[in-house]
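The values are calculated or read from the model by the stated rules, or taken from the named source; none is laboratory data. Being a predicted model, the structure only gives us computed values, none of them experimental. Every residue, glycine among them, receives a Cβ derived from its backbone with ideal geometry; neighbour counts consider all protein chains shown.
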Amino acid sequence: MNYVLAVLAVAVGVAGLVYGEGDDSPGLQLIGVLLIVGAVVFAVRTARRRR
């Protein structure tokens, strides 16, 4: 379940990054990058705790 949330967060982050690039919005690009990085960190921490 946690991995599904992480994948969804990465997908939303990538969409924000792409849309921010097309709209020339640096704030939206930053939010997209932060979502992607946060989701990856969350997934790695969850995987390490299970082992």
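Quick notes
- The residues listed here are Tyr19, Tyr3; of these, the one that is hydroxyl-bearing (Ser, Thr, Tyr) and at pLDDT below 90 is Tyr3.
- Of all residues in segment 16-30 being surrounded by 13 or more Cβ atoms within 10 Å (Cβ to Cβ) and either of a type in the set (Gly, Ala, Ser) or touching a strand residue (DSSP E or B) at 6+ places or on another chain (Cβ under 6 Å) (or both), the one that is nearest to Val44 (Cα to Cα): Gly16
- Residues in segment 3-51 that are without any contact (Cβ under 8 Å) to a residue 24 or more places away in the chain and of a type in the set (Ser, Thr, Tyr): 2 in all.
- Condition met for Ala43 (among the hydrophobic types (A, V, I, L, M, F, W, C), in contact with a Leu (Cβ under 6 Å, 6 or more places away or on another chain) and either surrounded by 14 or more Cβ atoms within 10 Å (Cβ to Cβ) or not in a helix (DSSP H, G or I) (or both)): no
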